[in-house]
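S.K.: Please see the structure below; I have some questions.
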Amino acid sequence: NAGVTQTPKFQVLKTGQSMTLQCAQDMNHNSMYWYRQDPGMGLRLIYYSASEGTTDKGEVPNGYNVSRLNKREFSLRLESAAPSQTSVYFCASSEEARGVGGYTFGSGTRLTVV
Amino acid sequence: ELKVEQNPLFLSMQEGKNYTIYCNYSTTSDRLYWYRQDPGKSLESLFVLLSNGAVKQEGRLMASLDTKARLSTLHITAAVHDLSATYFCAVGTSGTYKYIFGTGTRLKVLA
């Protein structure tokens, strides 16, 4: 009963390096999301995928790209990491369109860019 | 642009006491969620509120929604230490997939 699985859990990058955060869900959900969480700012939506084959920008998409590889997997890529991207990243999924049923969140990836 | 405000940001309360967390939002919405987050952990869904006057209860927590006032409340009854966590509300923008989260309320229940 894994739910939403994110990898890695922790990562330290140097400025300018690239990396991909992986997310997979086993609940057959249609919609998947990437959020970042910063102290005092709640969670902010980076990108989302309403269904397999579609992706759209959220509130803070600059510096990120995403790929909805298949129904299960939704990855987030940082092409050239910057210190401002130091954050905790959460992947989430929802069964129904527009998340009416609420989200299921992964355990998070704590990213530090030095 | 939808804005979501939660208050208070921090709440320290004694066990056995009652208190309410408020979530105000700025534009029309058709969905509101409450989540709980323990330190260093992920977010856990507590309640989904979809209509005006909706009320949901789970244990010592009760959430309600007033869409006319653009206000949701999370009421804590007879708090216990296990309720110590950060609570977030999230509001859905009608017609889109975007959810705006409040900044969270960090609750500490003292024994």
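S.K.: Hey, what do the phi angles of segment A:24-36 turn into as Karplus ³J(HN,Hα) couplings, whole Hz, using 6.51/-1.76/1.60 and θ = phi - 60°, x for Gly and Pro?
M.R.: 3J(HN,Hα) across segment A:24-36, in whole Hz: 9, 10, 10, 9, 6, 6, 7, 9, 9, 9, 10, 10, 10.
S.K.: Now for a separate question. Of the trypsin sites (Lys or Arg not before Pro) in segment A:1-103, which ones lie in a loop per DSSP and count no more than 11 other C-beta atoms within 10 Å?
M.R.: The qualifying sites are A:LYS9, A:LYS14.
S.K.: Please report the relative contact order for chain A, taking Cα pairs under 8 Å with a sequence separation of at least 6, and give it as a percent rounded to a whole number.
M.R.: Working: 303 pairs, mean separation 41.0, N = 114.
This gives 36 percent for chain A.
S.K.: Kirkwood hydrodynamic radius for the protein assembly as shown: how many Å is it when counted over pairs of different Cα atoms?
M.R.: Evaluated on the protein assembly as shown, it is 17.9 Å.
S.K.: Please work out the FRET efficiency for the pair B:THR73 and A:ASP56, using the Cβ-Cβ distance as r and a Förster radius of 35 Å; give the result to the nearest 0.05.
M.R.: 0.65
S.K.: Per-residue HN-Hα couplings for segment B:86-92, Karplus 6.51 cos²θ - 1.76 cosθ + 1.60 at θ = phi - 60°, whole Hz, x for Gly and Pro?
M.R.: 9, 10, 10, 9, 9, 10, x
S.K.: Which number do you get for Rg(Cα) / (2.2 N^0.38 Å) in chain A? Mind dumping the intermediate values first?
M.R.: On the way: Rg = 13.1 Å, N = 114, 2.2 N^0.38 = 13.3 Å.
After normalising by residue count via 2.2 N^0.38 Å, the value is 0.99.
S.K.: I need A:SER75, B:SER29, B:SER12 ordered by Cβ neighbour count within 10 Å, fewest first. Let's see the in-between values first.
M.R.: Numbers: A:SER75 17, B:SER29 21, B:SER12 12.
In order of increasing Cβ crowding within 10 Å: B:SER12, A:SER75, B:SER29.
S.K.: How long is the gain from A:LYS14 to A:GLU95 if the chain were fully straight, where each residue apart is worth 0.36 nm and the alpha carbon distance is subtracted? Kindly include the intermediate steps, with their values, before the conclusion.
M.R.: Details: separation 81, 0.36 × 81 = 29.16 nm, distance 3.62 nm.
Answer, rounded to one decimal: 25.5 nm.
S.K.: Report, in debye and to the nearest 20, how large the dipole of the protein assembly as shown comes out about its Cα centre when Lys and Arg carry +1 and Asp and Glu carry -1 on their Cβ.
M.R.: Numbers: 23 positive and 18 negative charges, 60 e Å.
That gives the protein assembly as shown a dipole magnitude of about 280 debye.
S.K.: State the number of lysine pairs found in chain B whose Cα atoms come within less than 27 Å, restricting to pairs 8 or more positions apart or on distinct chains.
M.R.: 15
S.K.: Please work out how much length the chain gains when fully extended from B:GLN14 to B:LYS41, using 0.36 nm per residue of separation minus the C-alpha to C-alpha distance, in nm with one decimal.
M.R.: 7.3 nm
S.K.: Of B:PHE47, A:VAL113, A:TYR89, whose Cα points farthest to the positive end of the dipole of the protein assembly as shown (charges on the beta-carbon: +1 Lys, Arg; -1 Asp, Glu; origin at the Cα centre)?
M.R.: Towards the positive end, the residue furthest out is A:VAL113.
S.K.: Modelling each spin label as a point 7 Å along the Cα-to-Cβ direction, I'd like the A:ARG77/A:ASN28 distance in nm, to one decimal.
M.R.: My value for the distance between the label points is 3.1 nm.
S.K.: For the modelled label position 7 Å from the Cα of B:VAL55 along Cα-to-Cβ, which residues of segment B:1-18 have backbone nitrogen atoms closer than 19 Å?
M.R.: B:18
S.K.: Further question on the same structure: With contacts defined as alpha carbon pairs under 8 Å and 6 or more residues apart, what's the relative contact order of chain B in percent?
M.R.: About 36 percent, as a whole number.
S.K.: Got a sec? How would B:LEU110, B:LEU32 order by Cβ neighbour count within 10 Å, fewest to most?
M.R.: So the residues, fewest neighbours to most, are B:LEU110, B:LEU32.
S.K.: Can you pull the Kirkwood radius for segment B:71-111, inverse mean 1/r over Cα pairs, to one decimal in Å?
M.R.: After inverting the mean inverse Cα-Cα distance, the result is 12.1 Å.
S.K.: Please say if chain B is rounded, prolate or oblate, where rounded means a/c under 1.5 for a ≥ b ≥ c the square roots of the C-alpha gyration tensor eigenvalues, and otherwise the choice is prolate for a/b larger than b/c and oblate otherwise? Spell out each step's value before the answer.
M.R.: Values: a/c = 2.02, a/b = 1.66, b/c = 1.21.
Cα axes put chain B in the prolate bin.
S.K.: Taking H placed 1.01 Å from N in the peptide plane, check which residues at least 5 places from A:THR86 or on another chain put their amide H under 5 Å from its amide H.
M.R.: A:VAL113
S.K.: While we're looking at this one, here's another question. Taking only C-alpha pairs under 8 Å that are 6+ residues apart, what is the relative contact order of segment A:50-114 in percent? Let's see the in-between values first.
M.R.: On the way: 82 pairs, mean separation 17.5, N = 65.
About 27 percent, as a whole number.
None of the figures in this text is laboratory data; all of them are computed from the coordinates on show. Only a predicted model underlies this, so the values are computations on that prediction, with no experimental measurement involved. For neighbour counting, all protein chains shown are included, and Cβ atoms are generated from backbone atoms with ideal geometry for every residue, glycine included.
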